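Structure first, commentary second.
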Amino acid sequence: MSAATPEAPQERDPAETHEPAGPSPLGVAPEPTGHPAVDAHLARLAELDHLPADGHLEVYEDVHRGLRAELTSLDTHPAPRPHDHRS
């Protein structure tokens, strides 16, 4: 007869807990565009490194609105200057 020994319950490795990982920085820095207002909007994307995924949408939408506003401002032309009719 062989004596069967019950197997001891195995401890779980903490890495195998199947819990979602927290946010981790991607380390991607936006390259400067040369337009300070555009660069300021793009810099907000760095906030994503510190937010959980469900917080990303608000930042993306805000950055998108800001960039659209910058593009729209390019379409506005200054009023023509009056001609000086001095002789």
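A few points about this structure:
- Here each label is just a point 7 Å from Cα along the line to Cβ, and for GLU47 and ARG65 those points are 1.1 nm apart.
- Cut-off 19 Å, label 7 Å out along Cα→Cβ of VAL38, residues of segment 44-68 by amide N: 44-46, 60-68
- Compared with the alpha-carbon gap, the fully stretched path from GLU58 to LEU26 is longer by 9.7 nm at 0.36 nm per residue.
Each reported figure results from applying straightforward, stated rules to the coordinates on display, with no laboratory input. A quick note: this is a predicted structure, and the numbers were derived from the prediction, not measured. Every residue, glycine as well, gets a Cβ built from its backbone with ideal geometry; the counts of neighbours run over all protein chains shown.
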